[in-house]
Amino acid sequence: MNQTSSKGVQFLLACVSLIYLFIIGSISVLSSLYTVSIPSKPLLAVALSLIGLLAIAAMLYSRTHFITKFSCMLLLPCLLPTVLLNFHEWALIVPLAVTCLLMFFFSGVAETPKTIFGTVYLLLYVLGSLGFFLAASLFSTQSVSTTLESRISDSGSYRYSLVNTEDSSGGSTKIDISPNDMDINFSVISFRAEGYERTVYIERPVQNEISIEWKTVSRQDVTAELNEISDKVIVNLPKEAKSSLGYAENADVYLRDLSDSTLKNLGVPDNTDVLYLNGEPCFRSYIAVLEDYFSSSERVSSVF
């Protein structure tokens, strides 16, 4: 009975190593798809250290279990993307790297395969780092971009970033709009969605005086404003939305032909976010929703 209980406890503790492997893999995947943001680096380092100590303690008790040995052998290669993509974030890298190394060396795997895998992983890290930083240097540009400010809309759904770029041609000022509800937030770390940015303003050279303001405008008021500008405003609805309204895929859809109830059914909220630049609207969430600006198919991925 005691032996069965001991095996059950060992199995449960072995699953802790598997869970830690899942955490390491998840951070690597999220790092490749999102930008890591750390509100408090000391707090993150302490939290990851405590989690690491728990994983090490569970590993030491179940070090001979197959699940533990399997998990410990995969930790280091799974950690590599996190190291490469967040090389400047030592509060994130150091606790994870120390924990993974200790779990690798103190696991119950025999010395011979541990030596072989250790050599392979060392080469993987050296060659992977060399290839990554070489590629990064090839794709990098001479311009330097600085985000001057970033503010969230009243609804919390969008944010703008005011970016100044310095280059040999006098630089430029631009405003990017991004969705603010696609981030993944934890108490000690956040993963900001990237690749959805839509530039709504760009001007050369760098602009020193610029006024930006979010406002909330009703759906009916935006409709009236756009129809007042022109009665031939074409809305580039997605294919599925056109089909639901009975339009052919290549047909033009005019805003004047869409009733308020139709706009609501298409997802336009009662109150919309409008970004004003020097008193003039440069972004309307009304149009962003209708034309599905920030769909996953429009995302541009880049690790450099």
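Would any residue of the stretch 175-202 have its amide N under 19 Å from a label point 7 Å out along Cα→Cβ of Ser295? List them or say none. In the stretch 175-202, the label zone of Ser295 (backbone N under 19 Å from the point 7 Å along Cα→Cβ) covers 178-182, 194-199. Stretching Phe106 away from Phe22 to a fully extended chain increases their span by 28.3 nm, per 0.36 nm per residue minus the current alpha-carbon distance.
Placing +1 on the Cβ of every Lys and Arg and -1 on the Cβ of every Asp and Glu, with no other charges, gives the chain a dipole of roughly 1700 debye about its Cα centre. Just Asn250, Asn265, Asn86 to compare: in a GNM of the chain, with alpha carbon springs under 10 Å, which one fluctuates most? Maximum fluctuation in the GNM of the chain, among the listed residues, is at Asn250. A value for log10 I(q)/I(0) by the Debye sum over Cα atoms at q = 0.10 Å⁻¹ was derived from the coordinates, and within the list (i) -0.55; (ii) -0.76; (iii) -0.70 it appears as (ii).
Once the Kirkwood radius over Cα pairs is known for the stretch 2-86, the Stokes-Einstein relation at 20 °C and 1.002 mPa s delivers a diffusion coefficient of 154 µm²/s.
Bridging of Lys242 to aspartates and glutamates at a Cα separation below 20 Å is possible for Asp231, Asp252, Asp257, Asp260, Glu291, Asp292, Glu298, once same-chain residues fewer than 8 apart are set aside. Working note: Cα atoms of the stretch 241-304, range along each principal axis, descending, whole Å: 42, 33, 19. Projecting the Cα atoms of Ser155, Ser32, Tyr196 onto the charge dipole of the chain, computed from C-beta unit charges around the Cα centre, puts Ser32 farthest toward the positive end.
Would you mind getting me the FRET efficiency between Phe70 and Ala251? Use the beta-carbon distance for r and R0 = 41 Å, nearest 0.05.
Details: r = 56 Å, r/R0 = 1.36.
That gives a FRET efficiency of 0.15.
Model label points for Ala135 and Ser32, set 7 angstrom from Cα along the Cα-to-Cβ axis, are 1.0 nm apart. Loop-located chymotrypsin sites (Phe, Trp or Tyr not before Pro) across the stretch 181-284 with a Cβ neighbour count of 12 or fewer within 10 Å are Phe186, with loop assigned by DSSP. If I take R0 = 51 Å and measure r between the Cβ atoms of Ser190 and Ile234 in this structure, what FRET efficiency does the formula 1/(1 + (r/R0)^6) give, to the nearest 0.05? With R0 = 51 Å, the Cβ-Cβ based efficiency is 0.85.
At most 11 other Cβ atoms within 10 Å plus a DSSP loop assignment makes a site exposed; report the longest stretch of the chain without any exposed GluC sites (Glu not before Pro). That would be 1-208. The share of accessible area on the stretch 160-224 that comes from carbon and sulfur is 42 percent, using a 1.4 angstrom probe. Computed from label points 7 Å out along Cα-Cβ, the spacing between Thr119 and Glu209 is 7.0 nm. Taking a straight line from the alpha carbon of Lys41, these aspartates and glutamates sit under 17 Å away, with near neighbours fewer than eight places off in the same chain left out: Glu89.
Couplings for the stretch 200-207, taken from phi via the Karplus curve 6.51 cos²θ - 1.76 cosθ + 1.60 with θ = phi - 60°, read 10, 7, 8, 9, 10, x, 4, 9 Hz in order; Gly and Pro are left as x. A protection proxy built from the mean count of other Cβ atoms within 10 Å ranks the segments 17-24, 113-120, most packed first, as 17-24, 113-120. Helical runs assigned H by DSSP (4 residues or longer) give the chain a calculated mean residue ellipticity at 222 nm of -16000 deg cm²/dmol, each run adding -39500 (n - 2.57) before division by the residue total.
The values are calculated or read from the model by the stated rules, or taken from the named source; none is laboratory data. Predicted model only: the values in this text are computed from it and were never measured. Ideal geometry is used to build each Cβ from the backbone, glycine not excepted, and the neighbour counts take in all protein chains shown. When the accessible area is computed, the model is the full protein with side chains, heavy atoms only, and any ligands, DNA or RNA have been set aside. Shrake-Rupley method; radii C 1.70, N 1.55, O 1.52, S 1.80 Å.
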